[in-house]
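Before any comments, here is the structure.
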Amino acid sequence: MRPGEKHGSRSGGESGQVLLTGIIMMLILLLGILLIFDVHNVIRAKYKVETAHQAAALAGAEWQKESLNLIGEINLIKACETMLEADENWPAFAPDPELDKDEQRQQELASRIAILTEMQTRISFLGPLVGFAAAQQAAKQNGLNPGGVSLDQYNPRNKPLQDYVDLLDENRRYLDVETVNNFKWRDPYRNMVQSIVDQMVAVFPNARVAGNPIVEPAGLAKEDLYAEILLHRAEIQAGDPPTQSSWLGEIYPFVKDRTDADYEGKWWNIDYAMSDFPNESEIFTLGVQYSTGQYDYTVSNLIQNLLPNQTVYRPDELPSLRFCLFDNFWYPDYYRKNYSSYDDDHYSWWYEAGVLRKPVKQQYIYEGPAAYAEGSVVLDMVSRYDYDSSGGNGVRQMAFDQRFVHLDRKSDDDGNNLFRRRIGTRRISTASGENTTDYRPGAIAKVLGELEGAQPPIAVPVILPVFDNTTLLPTYMPLPYGFGVLRTANSVLDRFLNWLSRQGSLFDYTDSPPLGSETYLRALQYLTDGPGFRYYGWNPSWDADSFDRSYRSRADQLFDNRSFVYSQSNADGAGWLQEPQIFTVFTSAERGVREVTDYLNGGIANRFFRSPDSREYIVVDSTGHIVTNDEQDPTVLYSTGGYPGGPGGPGFEGVQNKPDTQPGPPRI
């Protein structure tokens with residue numbers, strides 16, 4: 001064969017290889033472009049959802065502010081104008097001819113006050129709904145279209161509000177209240193809600209409706225608590241001592257540092273006071289009530305001095321005045337009196353720098369209304385990549401998926417799978433435990449106001465027009481007390497909690513639990529059993545100091561030694577939370593390194609490895625304490641991705657030992 005032919009044949013083969021390589025690279029590049037396109041869409045949607053949430057919450061809070069100020073203005077009118085003898089601003093009045101002149105005057109004034117009270121009631125019903133309609137428009141204008149990618153009739157986001165409209169038509173909670181302060185509220189209120197639903201709902205509101213009680217301990221309202229109790233119960237029955245799963249879930253506060261005395265009598269408090277019909281809008285509720293105010297000569301003389309050219313009525317010439325007041329739910333003292341955990345779990349976090357760097361200003365220390373908005377947008381994904389949460393970074397992916405994203409697989413008319421991502425809330429069902437998450441993905445805005453001298457508005461019980469601002473609240477701050485996102489379903493757990501609120505004992509109850517809720521009752525009965533259940537998680541008799549002294553120098557013996565674990569034959573043993581925690585190193589270079597920095601306590605901690613080549617280790621901190629399942633590893637900088645030596649320090653953002661220390665809005 002001629003050299004030219006041989007050379008030409010080789011050149012053709014190399015050309016084919018280049019072509020194949022080029023095709024593969026183009027395919028990889030195309031897949032990368034598609035993935036980048038999806039990532040861009042998800043990031044863009046995330047910002048869009050957050051912006052829409054904030055705009056909607058602020059719009060709702062603005063109307064709460066305006067409604068409160070209008071009510072306050074009318075209170076001032078009641079306090080002044082109705083006490084003046086000038087009648088030209090009032091409708092004609094036909095007094096009862098059988099009454100004398102003074103009695104006729106009081107009757108006329110009473111009718112004026114009733115008209116003003118009805119006006120306040122109308123505002124308290126319809127003002128917040130205007131705010132809710134404004135919230136929808138704000139969300140839509142910021143790109144949060146109802147139904148996500150399409151406005152189809154199956155949009156699940158609309159159903160909760162349609163259910164609410166149906167309740168207004170059918171439920172005795174509403175039908176039994178025909179008028180509030182002479183205002184026939186149901187038709188205008190119901191029609192306004194229906195109008196908002198018909199325009200398609202983009203964000204959920206917060207609401208004070210039936211089924212949203214204040215529950216203490218709060219975990220009683222979580223489905224996960226009962227599932228965890230039953231799981232641990234099954235593990236305990238399977239062996240003694242059992243092979244146990246984590247006790248760090250919802251069950252944790254029910255076990256840690258608890259004794260049998262904590263479970264004697266009625267150890268729960270389920271308060272439906274906030275679920276009573278509030279005689280005002282249940283959506284973006286203002287929190288108002290009506291009472292009788294006293295008009296005496298001091299007030300009379302004050303008004304006369306302010307209005308020297310007018311004739312002011314004497315106190316004995318006036319009927320009782322009905323002022324519009326702040327209801328109980330504005331006052332921290334109300335919660336403090338009724339809920340033992342209020343200060344620790346709520347007040348200190350809201351107001352005393354539990355989350356913020358500085359305490360909230362004194363004039364803004366009140367509960368009261370808030371406007372919450374949460375929604376989502378649904379994206380059709382270009383790529384068809386399905387995240388696998390079963391291994392690798394599955395835990396991290398599941399946490400991300402729970403907070404921000406819900407994966408939908410739907411089929412088109414041809415049966416092809418459509419992969420969709422829901423960015424925002426996963427609240428796609430009205431059922432309390434179905435397709436929902438405890439993570440709060442929306443935004444909260446609060447009304448701000450103050451009296452002279454930097455006093456909170458509630459320093460005077462009568463509502464006055466002193467609300468001049470609104471502000472978004474940091475997302476890490478806890479929800480306002482008694483807060484509930486609108487849902488109208490009555491799940492089995494809801495029915496059980498309603499039943500439990502009327503009982504004084506888990507064993508000697510007055511009537512049987514609702515059908516289907518017996519499992520919840522059994523779970524709580526298991527929980528009250530210290531030696532037979534709770535001590536497997538946390539044993540109050542465990543002597544941790546003695547254990548530390550015995551094993552701090554030979555902690556490597558604890559990997560396979562189970563003699564110290566609680567069981568029915570070892571009543572003084574350690575519960576799961578008190579057992580030494582077994583950690584895993586992140587890099588090969590750390591394997592076998594015993595002395596490491598103790599970032600939490602200072603000094604040097606010791607890692608005891610299972611074997612020289614093992615990645616598993618137990619930590620004895622610089623104080624000689626063996627780190628347990630209830631504690632974090634003091635030798636790891638969590639903020640740097642879980643490996644030592646990186647920038648920053650312990651805690652979030654690498655500089656703090658608290659969950660968050662953001663300064664928050666300057667106004668509060």
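Of all residues in segment 178-199, those satisfying the criterion of being over 12 Å from LEU129 (Cβ atoms) and free of Cβ contacts under 8 Å to residues at least 60 places away in the same chain are GLU178, THR179, LYS184, ARG186, ASP187, ASP198. Take ARG357 and tell me if it is modelled with pLDDT under 75 and either β-branched (Val, Ile, Thr) or under 30 Å from THR51 (Cα atoms) (or both). Taking the combined requirement at face value, the residue satisfies it. Exactly one residue among TYR335, TYR385 is at pLDDT 80 or above and hydroxyl-bearing (Ser, Thr, Tyr), and that residue is TYR335.
Scanning segment 218-236 for residues that are open to solvent by 10 Å² or more (accessible area, probe 1.4 Å) and among the hydroxyl-bearing types (Ser, Thr, Tyr) turns up nothing. Checked against (1) in a helix (DSSP H, G or I); (2) within 38 Å of the chain's Cα centre (by Cα); (3) over 24 Å from ASP224 (Cβ atoms), TYR520 meets all criteria but (3). When you look at PHE496, is it more than 22 Å from GLU62 (Cβ to Cβ), modelled with pLDDT of 85 or more and crowded, with 20+ Cβ neighbours inside 10 Å, yes or no? Criteria met by PHE496. TYR526 satisfies every condition listed in (1) open to solvent by 30 Å² or more (accessible area, probe 1.4 Å); (2) of a type outside the set (S, T, N, Q); (3) over 31 Å from the mean Cα position of the chain (by Cα); (4) under 25 Å from PRO242 (Cβ atoms) except (3).
Residue pairs, Cβ under 6 Å, 6 or more apart or interchain, first in segment 553-567 and under 20 Å from ASP613 (Cα atoms) and free of Cβ contacts under 8 Å to residues at least 40 places away in the same chain, second part of a helix (DSSP H, G or I) and among the acidic types (Asp, Glu). List them. Close Cβ pairs satisfying both conditions: none exist.
Would you please name the residue that is nearest to ALA218 (Cα to Cα), looking only at residues in segment 254-291 that are assigned to a loop (DSSP other than H, G, I, E, B), of a type in the set (D, E, K, R) and touching a Ser or Thr at 6+ places or on another chain (Cβ under 9 Å)? Out of the qualifying residues, it is LYS266. For segment 136-178, the set of residues classified as within 22 Å of the chain's Cα centre (by Cα), aliphatic (A, V, I, L, M) and modelled with pLDDT under 85 consists of LEU144, LEU161, listed by residue number.
When the residues of segment 499-513 are filtered to those that are without any contact (Cβ under 8 Å) to a residue 40 or more places away in the chain and either under 27 Å from the mean Cα position of the chain (by Cα) or at positive phi (or both), the one that is least open to solvent (accessible area, probe 1.4 Å) is TRP499.
Of the residues making up segment 237-255, those that are open to solvent by 50 Å² or more (accessible area, probe 1.4 Å) and touching a residue at least 12 places away in the same chain (Cβ under 8 Å) are ASP240, PRO241, SER246, LEU248, TYR252, PRO253.
The values are calculated or read from the model by the stated rules, or taken from the named source; none is laboratory data. The model shown is predicted, which means the values in this text are computed figures rather than measured ones. Glycine gets a Cβ as well: all are built from the backbone with ideal geometry, and neighbour counts include every protein chain shown. For the accessible areas, the whole protein counts, side chains as well, though only heavy atoms, and no ligand, DNA or RNA atoms are used. Shrake-Rupley method; radii C 1.70, N 1.55, O 1.52, S 1.80 Å.
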